[in-house]
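Asker: Provided herewith is a single structure, encoded as structure tokens, for subsequent inquiry.
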Amino acid sequence: MKLTLILAGSYTSCTETREIWTDTCQTQQIDLEIFNLDDKQGENTARHYNLKTFPALIHDHKIIAVGHPSKEDAIKIITDLTQ
């Protein structure tokens, strides 16, 4: 399984969200690729999915989470995906 996280810069909320998703995915041994709107790949991905809210988490070509999750919410989302 592979997830993609799109961030909107180095804002505190994006940095914290990055840490939450990174830790949660590492614990579950899930690949997480991270893009930022500041780079071409992030910009193209955001445009492809017509993203307006960030951070955004994508799995299997679907947006599965947006915004800043709590650690518990992130764990639940990942657990639901792996079952």
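The values are calculated or read from the model by the stated rules, or taken from the named source; none is laboratory data. For clarity, every value in this text was computed on a predicted model and none was experimentally measured. To get the accessible areas, we keep the full protein, side chains included, count just its heavy atoms, and leave off ligands, DNA and RNA. Shrake-Rupley method; radii C 1.70, N 1.55, O 1.52, S 1.80 Å.
Asker: Only one of D39, D60, D23 is more than 11 Å from the chain's Cα centre (by Cα) and open to solvent by 80 Å² or more (accessible area, probe 1.4 Å). Can you tell me which?
Answerer: Answer to the check: D60.
Asker: Quick check on my filter: what residues within the stretch 1-20 are hydrophobic (A, V, I, L, M, F, W, C) and open to solvent by 20 Å² or more (accessible area, probe 1.4 Å)?
Answerer: Once the filter is applied, which keeps residues that are hydrophobic (A, V, I, L, M, F, W, C) and open to solvent by 20 Å² or more (accessible area, probe 1.4 Å), the stretch 1-20 yields M1, A8, I20.
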